[in-house]
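The values are calculated or read from the model by the stated rules, or taken from the named source; none is laboratory data. Note that the structure is predicted; figures quoted are calculated from it, not measured. Every residue, glycine as well, gets a Cβ built from its backbone with ideal geometry; the counts of neighbours run over all protein chains shown. Side chains are part of the model used for accessible areas, which takes the heavy atoms of the whole protein and leaves out ligands, DNA and RNA. Shrake-Rupley method; radii C 1.70, N 1.55, O 1.52, S 1.80 Å.
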Amino acid sequence: MSEMQQAGNGSVALTRTALAPSVQRIGDRDIEITFLGDNAQGLPTWIMWSADEPYLIGMLCQGKMGYHFEQRTSTGVLVHENISLSRVQRALGG
């Protein structure tokens, strides 16, 4: 993987290699993270899937003031705006 970005504690790593999924252990589960490229607003965007079953976890975009994370939950979509990668990790249960 090239161009890795990591949280201060090294738990979440994001690659900028388009469409090359990587599996990471976050909390107690394996999460497949795939860089999709830039979205319509020009923001780098990743999608997260459960590595164990075909289950969409959420979508992550890098904004100017932090990350925007749209997380799928059992009660609907939970939107986190302008958060750090460590906060994304906590939202994922890590």
Quiz prompt | Selection count, segment 12-37, where residues are open to solvent by less than 60 Å² (accessible area, probe 1.4 Å) and not in a strand (DSSP E or B) | solution = 5
Quiz prompt | Conditions (1) of a type in the set (Gly, Ala, Ser); (2) surrounded by fewer than 16 Cβ atoms within 10 Å (Cβ to Cβ); (3) touching a helix residue (DSSP H, G or I) at 6+ places or on another chain (Cβ under 9 Å): number failed by Ala40 | solution = (3)
Quiz item: Among all residue pairs at least 6 apart or on different chains, which show Cβ distances below 9 Å where the first residue, located in segment 12-27, is of a type in the set (D, E, K, R) and the second is open to solvent by less than 10 Å² (accessible area, probe 1.4 Å)?
Solution: Arg25/Ile31
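Give me the residue from segment 81-94 that is closer than 18 Å to Asp30 by Cα and open to solvent by 60 Å² or more (accessible area, probe 1.4 Å) and, out of that set, modelled with the lowest pLDDT.
Top of the filtered list is Arg90.
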Quiz prompt | Among (1) part of a strand (DSSP E or B); (2) among the aliphatic types (A, V, I, L, M); (3) at pLDDT 90 or above - the single one Leu78 does not satisfy | solution = (3)
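In segment 27-57, what residues are at negative phi and of a type in the set (Gly, Ala, Ser)?
Of all residues in segment 27-57, those at negative phi come to 28-36, 38-41, 43-57.
Across segment 27-57, the qualifying residues are Ala40, Ser50, Ala51.
Take the residues of segment 54-77 that are open to solvent by 80 Å² or more (accessible area, probe 1.4 Å) and not charged (D, E, K, R): which is farthest from Val12 (Cα to Cα)?
Residues of segment 54-77 that are open to solvent by 80 Å² or more (accessible area, probe 1.4 Å), as a first pass: 54, 64-65, 70, 72, 74-75, 77.
Next, from what is left, pick out any that are not charged (D, E, K, R): 54, 65, 74-75, 77.
Details: Pro54: 21, Met65: 18, Ser74: 23, Thr75: 25, Val77: 21 Å.
Across segment 54-77, the extreme among qualifying residues is Thr75.
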Quiz item: Looking at (1) open to solvent by less than 70 Å² (accessible area, probe 1.4 Å); (2) more than 15 Å from Leu19 (Cα to Cα), can you tell me which one Thr45 breaks?
Solution: (2)
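Scan segment 42-75 for residues that are of a type in the set (Ser, Thr, Tyr), assigned to a strand (DSSP E or B) and modelled with pLDDT of 85 or more and jot them down. Give the steps one after another, and end with the answer.
First, pick out the residues of segment 42-75 that are of a type in the set (Ser, Thr, Tyr): 45, 50, 55, 67, 73-75.
Then drop every residue that is not assigned to a strand (DSSP E or B), which leaves 45, 50, 67, 73.
Residues satisfying the conditions are Thr45, Ser50, Tyr67.
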